[in-house]
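Note sheet for the following structure.
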Amino acid sequence: MRPADTLRFARDAALGTPLRTALSVLAMSIGVAAVVVLTALGDGARMYVVGQFSSLGANLVIVLPGRSGTGGFNPANAITSTPRDLTIDDAAAVRRAPAVKRVGPLAVGTSEIAFGGRLREVIVAGTNHDYFGIRGLEMAQGTSLPDDDWNRGSPVVVLGAKVREELFGAAPAIGQLVRVGDRRLRVVGVMKSTGQGLGMNTDEVVIVPVALAQAMFNTNTLFRILIEAKSREAIPDAKAQALEILKQRHRGEEDVTVITQDAVLATFDRLLGALTMAVAGIAAISLAVAGILVMNVMLVAVTQRTGEIGLLKALGASARTIRLAFLAEAAMLSAVGALLGYLLGQAGAFALRQVFPVFPAYPPDWAVIAGLSTALATGLLFGVMPARRAARLDPVQALMKH
Amino acid sequence: MALIELAGIERRFLLGDTTVNALAGVDLRIDAGEYVAVMGPSGSGKSTLLNLLGLLDRPNAGSYRLEGRDVTTLTPDEQARVRSARIGFVFQSFHLVPRLTAAENIALPMTLAGIAAAERARRVATALQSFGLANRADHKPDQLSGGQRQRVAIARATIMQPALILADEPTGNLDRHTGDEVVHLLEALNASGVTLVVVTHDPTLGARARRQLVMEDGRLQHDSGRAPHAAG
C-alpha cells in the first residue's frame, strides 16, 4: 500500500466513527493544552521574578558590610554589625577597579519630610549621581543628584513619585524647598513611578547626596555599595577586584560580603524553573492518559472492524499493511489532537496575558516541543498494540465476524 | 494443466477437549478454467476447504500446490501476495467496506497492492462499465441493492485479474432473480478462462456447474468430474 493511500485509508476510517474520533482528539488536545498553559504559567512566574530582579539594575554587584558565611540574601545581612564599616572612601576606592564601570554608595535611614504643612515619614537614601544609572531610575521631572564630590553634601533632594504626589499634589515641585529631618533641601528632580517591585519601592523614597544623609543620621557608614560591572562577563572580575580592594583597605581582613545579582537571580531562576518542570510533569500525566484513551479507541476500532480486517487480509493485505493502517490512524488522532491542543494552549496563554498584563505567560519552547512530541510518541506507542493485534487476527475467524 | 492439487489434506479443530476433523484425507485436482461446485450439509467441511484453497487457512497435514507451487510452506506475507495476485473472493454477505464508495471498494485490492492511482482509476472505470455499475460509482454500499452490492464484490474479486475465483454462497443473500444475474456474471467470468469454485447449499446452483463435489464429514463423498485420485 502506498503511503498516501495508507493515510487516506486511515483518515477515512477515523472519520467513519466521528464521535469516538472527536472524543479522543479532544482528550489529546486537552493534554497538550494543559502542558502549554501550565508551563506558560510557570515560566511566566519565573520571567516575572527575573524581570523584577533585573529592574534592580544590570550587571550588579552588591557589597554588604560584615562577613556572612553563607552567600546570597539572608536576614542576617541586614543586622550584622562589624568592627570596620563601609565608608564613602571605600566606595571611591572600589571605583578604581578595572572591571568596574560605576559605583553607587548607599546610606539609608528614615526621617520625615514636610512641605506646606504636610508631613510624612520617608525612607531617605543617601547616594550619588551614578546610583540612578546603576538602578536604571528615570527622572519624570528635573535632574538627578549632581555629579560632584561624594563628600560634598549639597542641600538637594530627589523625590519619589508618590512622595511628590502626596506633598505637592498638582502644584510644581521642582525648585521648592522641603524640610527633611531638620534640614531644608531644594527639590531638583522627581523620579518616574516604577510601581511595586521586589526591591526598595522607589516611589516612596527621597534621595539625597550620600554625605548629606550620613550627616543627617550622624554616621559615617554605608548600608551598601552598589557596583555596576563593565559587562556581564566582567561580573566575577568586578566582584573579585572589589573584594581585594576592600580587604586591603580593611588591613587584610575580609569583613565584607560581596554578592552578585546573578547568584540571587540564578537561585530564583532554578527554583521557578523546577516549578515549571513540575507542573509540566503533572500536565504530562494527562497526556499519558490521553495516550491510553487513544489506545482504547484503537482497540475498540480493531474489535469493531474485525470483519474488515479479515476482508483486507483476504484481498491480499500483508500484516505490515494492516499494522501501518492502524498505526497511521492512531498517529493521526494524536497529531490532530496535539495540534488542536497547541492552538488551544496558545489561546489560553493569550487569554492569561490579557487578564494579567504584567505576567509574561508565554509557554517556553522546550515545553511546547516536549508536549507535542510526547503527544505524538504516546499516540504511536499506544497505537502499536492495537495495530499488532489487528495484524495478527486470523483471517478466517475475522471474516466470520461481519 | 492443474491449477490446484491437494494431497492428503487434514484440518483439525479443537472444540473444547474434542478434536473435530473438518477435513480428512482430501485429495483433489482442479484444472485451470474449470467450474466446480462444492456441496454438502453444514459442517461437512466445504467452507474449510474454500478457506484452505484461498490460503486463509493452513492444513495440519498434506500438501497444496497452486499453479505447481507448494503454497502451504509459504510465510503469511507470501501467502498474502499470492492471494493478492492470483485469488479473488466472493462472499455470501458481500463484505464491502461501508465507508468506501463502490469505486473505492472495487479499487481496494489494487490500493492494497500499491498500484498507482491513475492505473487504478482506469481499471475501475472499465470494471464499473462492464458490471453495469457506471452510474453507481460514488454510491456507498448502503445505497446499493443486494444485487448491485454483489456485483461490486465480484468486480472487486476480478480487478486483479486472478486465476481463481472462490465464491462462498454467492447467491445466499439474494432473491432468485438477482441471484441468477450474479450466477450468470460468474459464469461469464469462467467462460473467459477464470477458474471458478462455488460453495453452495443450493442444488440448482450446484447443478449448473460442470463438476460437482459433494462433501460429508470432512471427506469428498462424490466427485462428478473425474475418477477420484487414489482416494483413501
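The values are calculated or read from the model by the stated rules, or taken from the named source; none is laboratory data. Being a predicted model, the structure only gives us computed values, none of them experimental. Here the Cβ positions follow ideal geometry from the backbone for every residue, glycine too, while neighbour counts run over all protein chains shown.
Go through region B:97-119 and give me each residue that's at the interface with chain A (Cβ under 9 Å from one of its Cβ atoms), part of a helix (DSSP H, G or I) and buried (at least 17 other Cβ atoms within 10 Å of the Cβ). Outline the logic, then answer.
Of all residues in region B:97-119, those at the interface with chain A (Cβ under 9 Å from one of its Cβ atoms) come to B:97-100, B:104, B:108-109, B:111-117.
If we keep only those that are part of a helix (DSSP H, G or I) too, we end up with B:104, B:108-109, B:111-113, B:117.
Result: B:Glu104, B:Leu108, B:Pro109, B:Thr111, B:Leu112, B:Ala113.
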*Quick check: is even one residue across region B:187-198 within 24 Å of B:Leu55 (Cβ to Cβ), under 14 Å from the mean Cα position of the chain (by Cα) and without any contact (Cβ under 8 Å) to a residue 12 or more places away in the chain?*
no
*Enumerate the pairs (first residue in region A:300-312 and within 11 Å of A:Phe326 (Cβ to Cβ) and more than 11 Å from chain B (Cβ to nearest Cβ); second residue anywhere and assigned to a helix (DSSP H, G or I) and among the acidic types (Asp, Glu)) with beta-carbon separation below 9 Å, excluding pairs fewer than 6 apart on the same chain, so at least 6 apart or on different chains.*
A:Ala301/A:Glu329
_Of the criteria (1) assigned to a helix (DSSP H, G or I); (2) facing chain A (nearest Cβ under 9 Å), which one B:Arg123 fails_ = (2)
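Rundown of residues vs (1) modelled with pLDDT of 90 or more; (2) under 30 Å from the mean Cα position of the chain (by Cα), yes/no style:
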| position | (1), (2) |
| --- | --- |
| A:Ala92 | yes, no |
| A:Pro98 | yes, no |
| A:Val103 | yes, yes |
| A:Leu106 | yes, yes |
| A:Ile113 | yes, no |
| A:Gly117 | no, no |
| A:Val122 | yes, no |
| A:Gly133 | no, yes |
| A:Gly136 | no, yes |
*crowded, with 23+ Cβ neighbours inside 10 Å, away from chain B (no Cβ under 12 Å), closer than 30 Å to B:Leu96 by Cβ and at pLDDT 90 or above: does that describe A:Glu329?*
yes
*Taking the condition within 14 Å of chain A (Cβ to nearest Cβ) and acidic (Asp, Glu), does B:Glu78 pass?*
yes
*Of all residues in region A:387-402, count the ones that are part of a loop (DSSP other than H, G, I, E, B) and either β-branched (Val, Ile, Thr) or more than 8 Å from chain B (Cβ to nearest Cβ) (or both).*
3
*Flag if A:Ile174 is free of Cβ contacts under 8 Å to residues at least 60 places away in the same chain and over 13 Å from A:Gly109 (Cβ atoms)*: yes
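Just to be sure, is A:Leu324 more than 7 Å from chain B (Cβ to nearest Cβ) and either in contact with a strand residue (DSSP E or B) (Cβ under 6 Å, 6 or more places away or on another chain) or within 15 Å of A:Arg2 (Cβ to Cβ) (or both)? Before the answer, list the steps.
Numbers: more than 7 Å from chain B (Cβ to nearest Cβ): yes; either in contact with a strand residue (DSSP E or B) (Cβ under 6 Å, 6 or more places away or on another chain) or within 15 Å of A:Arg2 (Cβ to Cβ) (or both): yes.
Here the answer is yes, as A:Leu324 does meet what is asked.
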*Do you know which residues across region B:81-96 are part of a loop (DSSP other than H, G, I, E, B), polar (S, T, N, Q) and within 7 Å of chain A (Cβ to nearest Cβ)?*
B:Ser93
*Where residues in region A:1-38 are within 14 Å of chain B (Cβ to nearest Cβ) and hydrophobic (A, V, I, L, M, F, W, C), which of them is nearest to A:Arg320 (Cα to Cα)?*
A:Met1
_region B:75-96: number of residues that are surrounded by fewer than 17 Cβ atoms within 10 Å (Cβ to Cβ) and touching a helix residue (DSSP H, G or I) at 6+ places or on another chain (Cβ under 7 Å)_ = 2
*asked:* When you check A:Gly66 against the structure, is it more than 14 Å from chain B (Cβ to nearest Cβ), surrounded by 21 or more Cβ atoms within 10 Å (Cβ to Cβ) and touching a residue at least 40 places away in the same chain (Cβ under 8 Å), yes or no?
replied: no
_Qualifying positions in region B:2-46 - more than 19 Å from B:Thr200 (Cα to Cα), hydrophobic (A, V, I, L, M, F, W, C) and in a strand (DSSP E or B)_ = B:Ala2, B:Leu3, B:Ile4, B:Leu6, B:Ala7, B:Ile9, B:Phe13, B:Leu14, B:Leu15, B:Val20, B:Ala24
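Any residue in region A:228-236 that is in contact (Cβ under 8 Å) with a residue 40 or more places away in the chain, surrounded by fewer than 14 Cβ atoms within 10 Å (Cβ to Cβ) and outside the structural domain of A:Trp150 (by TED's automatic domain parsing)? Let's see the steps before the verdict.
As a first pass, look at region A:228-236 and keep what is in contact (Cβ under 8 Å) with a residue 40 or more places away in the chain: A:228-232, A:234-235.
From the residues that got through so far, the ones that are surrounded by fewer than 14 Cβ atoms within 10 Å (Cβ to Cβ) too are A:231-232.
Applying the additional criterion that residues be outside the structural domain of A:Trp150 (by TED's automatic domain parsing) yields none.
No.
Would you check if A:Val35 is assigned to a helix (DSSP H, G or I) and either of a type outside the set (D, E, K, R) or within 22 Å of A:Pro236 (Cβ to Cβ) (or both)? Give the steps one after another, and end with the answer.
Numbers: assigned to a helix (DSSP H, G or I): yes; either of a type outside the set (D, E, K, R) or within 22 Å of A:Pro236 (Cβ to Cβ) (or both): yes.
When the stated conditions are applied, A:Val35 passes them.
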*Any idea which of A:Leu106, A:Leu119 is outside any loop (DSSP other than H, G, I, E, B), loosely packed, with under 14 Cβ neighbours inside 10 Å and aliphatic (A, V, I, L, M)?*
A:Leu119
